[in-house]
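Shown next, in structure tokens, is the structure this report addresses.
The values are calculated or read from the model by the stated rules, or taken from the named source; none is laboratory data. None of these values were measured; they are calculated from a predicted model. Cβ coordinates were reconstructed from backbone atoms using ideal geometry, including for glycine residues, and neighbour counts include every protein chain displayed.
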Amino acid sequence: MRLKAGCDMTLEATEPCPIVGMLRPASGLAQWLTSESYRFEPHVHPTEYVDAYGNLCQRFVVPQGTMRIRTEAIVETEDAIAVEPWAPYTPIHMVPDAALQYLLQSRYCPSDKMGDRAWQIVAGCAPGYQQVEAIRAWIHQNITYQYGVSTATTDALDTLAQGAGVCRDYSHIGISLCRSLRIPARMVVGYLYQLDPMDLHAWFEAFVGGRWYTFDATQAQPRGNRIVVAYGRDAADVAFISNYGGLTTKSMKVWVDLDDSPGMPA
């Protein structure tokens, strides 16, 4: 499916504020970037680099006052995500070097403190995909999706104690529980077609059966048509905007629509 996704935000800076943005999706195995556009008011000159997780990052300075950023991308996506109930656990010595970092506890994912809970949830499951799916289903059934109960400092243990959170909180729990079972897990942020309510979205991936699989505890069933913008250990690595000064988001609108623009002429 070809999707048109974007974000229109208005920022206000109390003084010139350096930021790092993750505004651009990149082509990959499950998506192909067809076209993209960016608008900065007032105009700035971003520079770009690739971070340690392979994400495209833009650096620029928001001038003092109000700034509007509008991004839009047209992306070919897969209608369904890969599902493989019999994918086995990948032994640590066979985990690729780049995936080893996703076995460690991180700022929002204290996996070293969650082993007992993880083993309770996956009791009776075959090691690998079945364990991760049991974790995803448990979160979906036991954590209430609710705005306003988590903050920028809420970690997976906090969300478990509160019993409620939003997509990033769901992902932190899933990642933590997987890592406590020695299954590499990473956070993904981006767009999901027909998400309700529409917003930027977060889910997680787990490395089993020799590859990454997608898991989304906010959804009852596997859903495709996702646009990945960034990967990381947890929310600290995948912020859409990381500011290094006084900055406030005054408004933000997110959309994901079918792209019905005409293709290349014959």
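Numbers for the structure displayed
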| item | result |
| --- | --- |
| Number of positions in the stretch 121-156 that are assigned to a helix (DSSP H, G or I) and either among the small types (G, A, S) or farther than 15 Å from D169 by Cα (or both) | 9 |
| Scan of the stretch 31-61 for residues that are farther than 22 Å from V228 by Cβ and assigned to a strand (DSSP E or B), ordered by number | R39, F40, E41, T47, F60, V61 |
| Selected residue [assigned by TED's automatic domain parsing to the domain that holds Q219 and free of Cβ contacts under 8 Å to residues at least 60 places away in the same chain] from L157, L104 | L157 |
| Among (1) farther than 25 Å from G245 by Cα; (2) part of a strand (DSSP E or B) - the single one A26 does not satisfy | (2) |
| Hits in the stretch 78-101 - residues which are over 30 Å from T34 (Cα atoms) and under 22 Å from the mean Cα position of the chain (by Cα) | V95, D97, L100, Q101 |
| Number of the condition not met by T144 [criteria: (1) out of contact with any strand residue (DSSP E or B) (no Cβ under 7 Å at 6 or more places or on another chain); (2) of a type in the set (S, T, Y); (3) surrounded by fewer than 18 Cβ atoms within 10 Å (Cβ to Cβ)] | (1) |
| Of all residues in the stretch 57-77 being crowded, with 16+ Cβ neighbours inside 10 Å and of a type in the set (S, T, N, Q), the one that is nearest to the chain's Cα centre (by Cα) | T77 |
| Subset tally (residues that are part of a loop (DSSP other than H, G, I, E, B) and surrounded by 15 or more Cβ atoms within 10 Å (Cβ to Cβ)) for the stretch 216-255 | 13 |
| Residue in the stretch 63-74 that is acidic (D, E), modelled with pLDDT of 95 or more, out of contact with any Leu (no Cβ under 9 Å at 6 or more places or on another chain) and closer than 22 Å to R211 by Cβ present | no |
| Qualifying residue in the stretch 85-105 (condition: among the small types (G, A, S), surrounded by fewer than 18 Cβ atoms within 10 Å (Cβ to Cβ), under 30 Å from D8 (Cβ atoms) and at pLDDT 95 or above) | no |
| Residue among I81, I175 that is touching a strand residue (DSSP E or B) at 6+ places or on another chain (Cβ under 7 Å) and either assigned to a loop (DSSP other than H, G, I, E, B) or at pLDDT below 95 (or both) | I81 |
| Residue in the stretch 120-131 that is among the polar types (S, T, N, Q), touching a residue at least 24 places away in the same chain (Cβ under 8 Å) and either crowded, with 21+ Cβ neighbours inside 10 Å or within 25 Å of M94 (Cα to Cα) (or both) present | yes |
